[in-house]
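Read through the structure below, which is laid out as C-alpha cells, and then see the notes.
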Amino acid sequence: MKMKRYAFYLKMVTSSLIRRRSRMFVALLAVAVGATILSGLITIYYDIPRQMGKEFRSYGANLIFIPSEDKSYMDADSLKKAVSYLSPDDIVGVTPYRYKTVKINEQPFMAAGADLAQAAKTSPFWYVSGRWPQKEGEALIGQEVADIIRLNAGSQFFITGMTANNKPFKRGFTVSGIVQTGGSEEAFIFMSLADFENMAGGDNAIDIAECSVSVSAAELDRVSKIINENVEGVTARPVKRISESEGTVLKKLQSLVYLVTVVILLLTMICVATTMMAAVAERRREIGLKKALGATNAAIVAEFIGEDVFLGIFGGLLGAAFGFVFAQAVSINVFARSITFQPLLAPITVFASIIITAAACFIPVRRAAEIDPAIVLRGE
Amino acid sequence: MNLLELKNISKIYGDVKALQNINLSVGQGEWIAIMGPSGSGKTTMMNIIGCMDKPSIGSVILDGTDISKESSKKLTALRRDKIGLIFQQFHLINYLTALENVMAAQYYHSIQDEKEALEALSRVGLADRAKHLPSQLSGGEQQRVCIARALINYPMLILADEPTGNLDEANEAIVLDIFKSLHKEGSAIVVVTHDPEVAQESERTVILEHGKISKIKDNNKSEALC
C-alpha cells in the first residue's frame, strides 16, 4: 500500500512528539509558559483602558453640560438628547443640578437640587456622615454650612428665599447627613430635584449637569463636538483636568505593559531557542543517520519545523487558556474587577506561538542540518 | 565495468595521512571485506566509499560517476540512490517502529510503500515484529531491521560497518546468511569487520594498515601481497 508523502511526514513528526513525550514536554512547557505570559499581558494591555477607566471614574465627572451662551439654563429634554449621544454602556452617571441662593437664619447659602442617586455615582469621592436624603424634606449639607449654622444629622432648619416667580418661600428640612469633599461642595445644601422645584419652582430647568463617562480623552472630545453641533441649548465640555490626566496615566501604563510584553517575548524566544538547541544537539546522531539515509537538508529542517509547529499549536492553546487565567488573577488582584475573555486572542496566541517557536528553532535546526552524516559511522 | 573504483586515493587531515595511495576496485555483485586494526583508516575508507566524505587526492568512481568531484548535495543523492548502509550500532530511529524505520528510507528516497517495506522485513524474518519500536527489539532484530532498511531501495552497493560487531553467535549466523543470500542474488557488498570468520565469507579481504593496503587476500584462492 503506497502512502502519500505528507502522510508519512506527519507520521514521523507526530511519532517524534508522542513517543518522545518526556523530552518534548520540556519544550512544550517553555512554549506554553511564554504563550501564557504573552497572552495574559496582551489581555491586560487591551483591558487596561476599561479597567482604569472605571478606576478613574472615582475622581468624579469628566464631562459637564452647561447651557449655551445665549441661555441661562438648559431644559431637561435637551439634556436627555445630549446624553443620548453617549453609549449607555460607557455612562457611569449623569447628575443634573439646579442652584439658587437661599437664606438660613438670614445668612446666605447656595441650595442645590440634584438627582442625588446619580450624584452618588458621579461624585463617589463625597464622604457623607449620616446618610444620603431618602425622603421628601431631607437635605444633605456641606461641612462648611454645618459649621456655620451648627447643624448635625437629624437637625431641622428652615430655608427662606424667593421663587422663580419672585414669591417668597419658607420651607423646613431635616439634615440627613453632612458631606465632606474637600472642595466647594462643602458650602452647599443638597436636596432632591423634586424638593428643590417644590421650594423654588421652575420646572424642567437645569443649570448644569455632571457626567461621568468611561471613555478616553480623545473619544470624549469627539463626542462633545458632535453634541455641540447637534443639540441646541446645550454645550458639552470635557473636564480637561481629569480627562487629559487620565489619558496620560493610561498611556504610560500601557507603554509599561507593552515594554514588559516585548521583553517577555524576547525572553520566550531565547528560552525556546535554548531548549530547542539542546533538543537538536541531543539528536545529532539521528540527524546524521537521516542524512546518511539520503535526507536532504531541507527535509531535515522541514521535520523539525513540523515538530515546532505542533509545539507552537499545543503551547499556544495552553497559553491562551492559562493566559486568561493569569490576566484574570492580575485583574482581580490589582483592579478588583474581572476581565472578559477575548475569543480573538486565542488564535492570535496560537499563531504567535507557532511563529515564535519556528523562528526560535530555525537557526539551531538550520545548523543541525549541516551535520556531517559520517558521524554515524564514527559512532559519535 | 567495475561498480566501484578507488584510484590512488589519499585522505589527509592536517599532518595525519588517514589513507595513502589506495587503489581498489569492486566488481558488480562482488563481496569484499575490509579488515585492519583501529586507526588503520577503515572508517575513513567507508566514509569515502559511502559518499559521506571525499578524498584529498585521487578519484572514486561509483557506477561511472567520479564522486570526488561532486557537491555534497549530489553525494547525498548518490548515497540515497546507490548505497545501502548497515551500521554496527544499528542506528534505528528510536521513535519509529521497525516498519516505519524501513519506510523512512523509502521516504527519503522516493515513495513509501508499506507492503514492500513489510516484504523487506519478512525477508530478514521480522514480519511479526514490524510494529515494534527499536527498544522492544533485541540487538539481532535491530540489526536485521537495519539490513531491511538498507535493502529497501534496491541499492547497487551494500556497505556494512561491523555488521556483526554487537551480535551474539546465533544472530551473527542469521545476518551472515542474509548477506550470503544477497550476494547470491547479485548484490555487491563491502563489509568492514574485525571478525576473520565474517571476512572469510567474502570473496576478497582487504587488509589496511597505517592508511595503506597491506594485503589483499582472495578467500577462494591464495593470498596476494599488495
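The values are calculated or read from the model by the stated rules, or taken from the named source; none is laboratory data. What you are looking at is a predicted structure, and each value in this text was computed from that prediction instead of being measured. Don't worry about glycine lacking a Cβ; one is built from the backbone with ideal geometry, like all the others, and counts go over all protein chains shown. Note: accessible area is taken over every heavy atom of the protein model, side chains too, but ligands, DNA and RNA are not part of it. Shrake-Rupley method; radii C 1.70, N 1.55, O 1.52, S 1.80 Å.
Pick out the one residue from A:Val330, A:Val309 that is open to solvent by 30 Å² or more (accessible area, probe 1.4 Å), modelled with pLDDT under 95 and either under 25 Å from A:Arg366 (Cα atoms) or over 19 Å from the mean Cα position of the chain (by Cα) (or both). Unique residue meeting the criteria: A:Val309. For segment A:16-56, the tally of residues that are crowded, with 18+ Cβ neighbours inside 10 Å and within 14 Å of chain B (Cβ to nearest Cβ) stands at 3.
For every residue, the table says whether it meets (1) in a helix (DSSP H, G or I); (2) touching a Pro at 6+ places or on another chain (Cβ under 7 Å); (3) on the phi < 0 side of the Ramachandran plot; (4) of a type in the set (A, V, I, L, M, F, W, C).
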| position | (1), (2), (3), (4) |
| --- | --- |
| B:Ser122 | yes, no, yes, no |
| B:Asp128 | yes, no, yes, no |
| B:Lys131 | no, no, yes, no |
| B:Ser135 | yes, no, yes, no |
| B:Gln142 | yes, yes, yes, no |
| B:Cys146 | yes, no, yes, yes |
| B:Ala150 | yes, no, yes, yes |
| B:Tyr154 | no, no, no, no |
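Kindly indicate whether A:Glu286 is part of a helix (DSSP H, G or I), free of Cβ contacts under 8 Å to residues at least 40 places away in the same chain and over 22 Å from the mean Cα position of the chain (by Cα). Before the answer, list the steps.
On the way: part of a helix (DSSP H, G or I): yes; free of Cβ contacts under 8 Å to residues at least 40 places away in the same chain: yes; over 22 Å from the mean Cα position of the chain (by Cα): yes.
So A:Glu286 fits the description; yes.
Considering only residues in segment A:355-380 that are open to solvent by 60 Å² or more (accessible area, probe 1.4 Å) and part of a helix (DSSP H, G or I), the one that is modelled with the highest pLDDT turns out to be A:Ile355. Being closer than 14 Å to A:Ala111 by Cβ and either assigned to a helix (DSSP H, G or I) or touching a Pro at 6+ places or on another chain (Cβ under 8 Å) (or both) is a condition met by no residue of segment A:237-244.
Looking at A:Lys121, A:Lys80, A:Lys54, which one is part of a helix (DSSP H, G or I) and without any contact (Cβ under 8 Å) to a residue 40 or more places away in the chain? Reasoning before the result, please.
Working: A:Lys121 fails: without any contact (Cβ under 8 Å) to a residue 40 or more places away in the chain; A:Lys54 fails: without any contact (Cβ under 8 Å) to a residue 40 or more places away in the chain.
Only one candidate qualifies: A:Lys80.
Quick grid of which residues meet (1) at pLDDT 85 or above; (2) outside the structural domain of A:Val325 (by TED's automatic domain parsing); (3) under 27 Å from the mean Cα position of the chain (by Cα):
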site	(1), (2), (3)
A:Ser16	yes, no, no
A:Ser22	no, no, no
A:Phe25	yes, no, no
A:Ala30	yes, no, no
A:Asp47	no, no, yes
A:Lys71	no, yes, no
A:Asp75	yes, yes, no
A:Ser87	yes, yes, yes
A:Lys100	yes, yes, no
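Assess whether A:Gly137 counts as being at positive phi and touching a helix residue (DSSP H, G or I) at 6+ places or on another chain (Cβ under 8 Å). Criteria met by A:Gly137. Would you point out the residue of segment B:4-30, among those that are hydrophobic (A, V, I, L, M, F, W, C) and out of contact with any strand residue (DSSP E or B) (no Cβ under 6 Å at 6 or more places or on another chain), that is farthest from B:Ser56 (Cα to Cα)? Going through the qualifying residues, I end up with B:Val16. Regarding A:Lys121, is this residue basic (Lys, Arg) and either crowded, with 17+ Cβ neighbours inside 10 Å or closer than 20 Å to A:Ser212 by Cβ (or both)? Judged against the criteria, A:Lys121 is a match. Which of the residues that make up segment B:85-128 are free of Cβ contacts under 8 Å to residues at least 12 places away in the same chain and facing chain A (nearest Cβ under 10 Å)? Result: B:Glu100, B:Tyr107, B:Ile111, B:Gln112, B:Asp113, B:Lys115.
Take the conditions in contact (Cβ under 8 Å) with a residue 60 or more places away in the chain, outside any helix (DSSP H, G or I) and open to solvent by 60 Å² or more (accessible area, probe 1.4 Å) and apply them to A:Glu232. Does it pass? Reasoning before the result, please.
On the way: in contact (Cβ under 8 Å) with a residue 60 or more places away in the chain: yes; outside any helix (DSSP H, G or I): yes; open to solvent by 60 Å² or more (accessible area, probe 1.4 Å): yes.
Taking the combined requirement at face value, the residue satisfies it.
One line per residue, one yes/no per condition, for (1) under 24 Å from B:Cys146 (Cβ atoms); (2) open to solvent by less than 60 Å² (accessible area, probe 1.4 Å); (3) away from every other protein chain (no Cβ under 12 Å):
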site	(1), (2), (3)
A:Tyr258	no, no, yes
A:Thr268	no, yes, yes
A:Val272	no, yes, yes
A:Glu282	yes, no, no
A:Leu293	yes, yes, no
A:Ala299	yes, yes, no
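Residue-wise test of (1) within 23 Å of A:Ser58 (Cβ to Cβ); (2) in contact with a helix residue (DSSP H, G or I) (Cβ under 7 Å, 6 or more places away or on another chain); (3) touching a residue at least 12 places away in the same chain (Cβ under 8 Å); (4) not hydroxyl-bearing (Ser, Thr, Tyr).
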| site | (1), (2), (3), (4) |
| --- | --- |
| A:Pro108 | no, no, no, yes |
| A:Tyr127 | yes, no, yes, no |
| A:Trp132 | yes, yes, yes, yes |
| A:Gln156 | no, no, yes, yes |
| A:Val179 | yes, yes, yes, yes |
| A:Glu185 | yes, no, yes, yes |
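Restricting the first member to segment B:129-149 and to residues that are of a type in the set (Asp, Glu) and at pLDDT below 95, and the second to residues that are crowded, with 16+ Cβ neighbours inside 10 Å and not in a loop (DSSP other than H, G, I, E, B), the beta-carbon pairs closer than 8 Å and six or more apart or on different chains are B:Glu141/B:Ala98; B:Glu141/B:Arg129. The criterion of being free of Cβ contacts under 8 Å to residues at least 60 places away in the same chain, among the acidic types (Asp, Glu) and away from chain B (no Cβ under 14 Å) holds for A:Asp70.
The single condition from (1) β-branched (Val, Ile, Thr); (2) assigned by TED's automatic domain parsing to the domain that holds A:Ala117; (3) open to solvent by 20 Å² or more (accessible area, probe 1.4 Å) that A:Thr95 fails is (3).
How many of the residues making up segment B:73-84 are within 8 Å of chain A (Cβ to nearest Cβ) and closer than 22 Å to A:Arg284 by Cβ? Final tally of qualifying residues: 4.
Select from segment A:202-227 the residues that are outside any loop (DSSP other than H, G, I, E, B) and loosely packed, with under 15 Cβ neighbours inside 10 Å and list them in ascending order. Spell out how you get there, then give the answer.
Step one: filter segment A:202-227 for residues outside any loop (DSSP other than H, G, I, E, B), giving A:205-206, A:208-213, A:217-227.
Across segment A:202-227, the qualifying residues are A:Ala218, A:Arg222, A:Lys225, A:Ile226.
Among the residues of segment B:1-49, those identified as closer than 17 Å to B:Lys82 by Cβ and open to solvent by 60 Å² or more (accessible area, probe 1.4 Å) are B:Met1, B:Gln28.
Scanning segment A:187-201 for residues that are in a helix (DSSP H, G or I) and open to solvent by less than 10 Å² (accessible area, probe 1.4 Å) turns up A:Asp195, A:Phe196, A:Met199, A:Ala200.
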